[in-house]
Amino acid sequence: MDDAFGLDDLVACYERGVFPMADARHDERLFLIDPQWRGVLPLDAMHIPKRLARTVRSEPFEVRVDTAFDAVVEACASSRPGRLETWINAPIQKMYGMLYAAGRAHSVECWQDGQLVGGLYGVSLGGAFFGESMFSTARDASKVALVHLVGRLNVGGYKLLDTQFITDHLAQFGTVEISRADYKRRLAKALTAESDFYLLGPAATGADVLQAISQAS
């Protein structure tokens with residue numbers, strides 16, 4: 001990728017349905033991905049297992065938004081048992097930090113005893129949210145963050161949650177795989193929608209986000 005690739009170029013990539021990745025954590029090169037099949041979590045059809053719903057409602061974590069964006073990205077990029085390599089390298093971390101500073105990227109964080117124990121981050125453009133990565137060092141922390149994200153997106157008027165790929169982990173929540181053409185049609189429509197990531201306030205409870213998801217179904 002050209003060294004002159006900047007923030008506007010990155011936004012333009014998302015607007016046309018492609019996103020950057022690296023081969024490895026310590027590989028400085030970037031390349032653009034335009035998958036033939038795309039993972040999408042329908043905001044009006046999220047499935048929440050009963051046990052997870054109980055966990056969300058019991059609030060084992062303090063859920064915050066946009067208070068530790070860089071730390072979430074760093075945690076997502078770090079190797080962990082069972083995942084020794086990631087696709088998030090230094091150039092990607094820098095670019096997403098710039099997107100966050102411009103108000104176009106967000107994090108949902110789970111805290112426990114003053115420690116960041118899970119979360120996710122992604123890019124927000126119009127009514128589309130592009131989920132990038134998540135991490136967890138405490139049971140269910142990333143899952144709780146995802147439920148809070150979906151509740152927040154529903155309240156905020158979002159139309160599309162792009163998960164990039166489909167995995168067994170994401171499939172349990174109702175994530176589906178759609179064709180590139182279908183994805184780009186949905187993306188074009190979502191980009192014209194007005195949304196507000198902060199419409200659901202910072203004090204939103206687990207019960208609040210579960211209600212928001214239930215009402216959207």
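The values are calculated or read from the model by the stated rules, or taken from the named source; none is laboratory data. This one's a predicted model, so the numbers in the text were calculated from it and none came from an experiment. A quick note on method: Cβ atoms are made from the backbone with ideal geometry, for glycine too, and the neighbour counts reach across all protein chains shown. To get the accessible areas, we keep the full protein, side chains included, count just its heavy atoms, and leave off ligands, DNA and RNA. Shrake-Rupley method; radii C 1.70, N 1.55, O 1.52, S 1.80 Å.
So the values come out like this:
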item: Two-site FRET efficiency, Ala71 against Phe5, from Cβ-Cβ distance with R₀ of 25 Å, rounded to 0.05; result: 0.50
item: Exposure of Asp168 as accessible area (Å², to 10), given a probe of 1.4 Å and all protein chains; result: 140 Å²
item: Most mobile listed residue (Phe61, Phe165, Phe197) in the chain, GNM with C-alpha springs under 10 Å; result: Phe165
item: Gain on full stretching of the segment that runs from His169 to Glu194 - 0.36 nm per residue minus C-alpha separation; result: 6.0 nm
item: Summed side-chain charge close to Leu187 - residues other than Leu187 whose Cβ falls under 14 Å, Lys, Arg +1, Asp, Glu -1; result: +4
item: Carbon plus sulfur fraction of accessible area for the chain, probe 1.4 Å, in percent; result: 51 percent
item: Hz values of 3J(HN,Hα) by residue in segment 199-206 - Karplus curve (6.51, -1.76, 1.60), Gly and Pro given as x; result: 4, 7, x, x, 9, 4, 8, x
item: Percent of beta bridges antiparallel (DSSP, the chain, rounded to nearest 5); result: 90 percent
item: Rg/Rh ratio calculated on Cα atoms of the chain (Kirkwood radius); result: 0.94
item: For His47, distant residues with modelled amide H under 5 Å away; result: Gly174
item: Heavy-atom SASA rank of Lys143, Lys184, Lys50, Lys159 (probe 1.4 Å, accessible area, largest first); result: Lys50, Lys159, Lys184, Lys143
item: Cα shape, segment 93-217, gyration tensor, a/c 1.5 rule; result: rounded
item: Cα→Cβ-extended label distance, 7 Å offset, between His47 and Gln215, nm; result: 2.5 nm
item: Calculated from backbone phi, Karplus (6.51, -1.76, 1.60) coupling profile of segment 133-138 in Hz, x at Gly/Pro; result: 6, 9, 8, 7, 10, 10
item: Set of lysines near Lys143 by C-alpha distance (under 24 Å), chain-local residues within fewer than 8 positions excluded; result: Lys50, Lys159
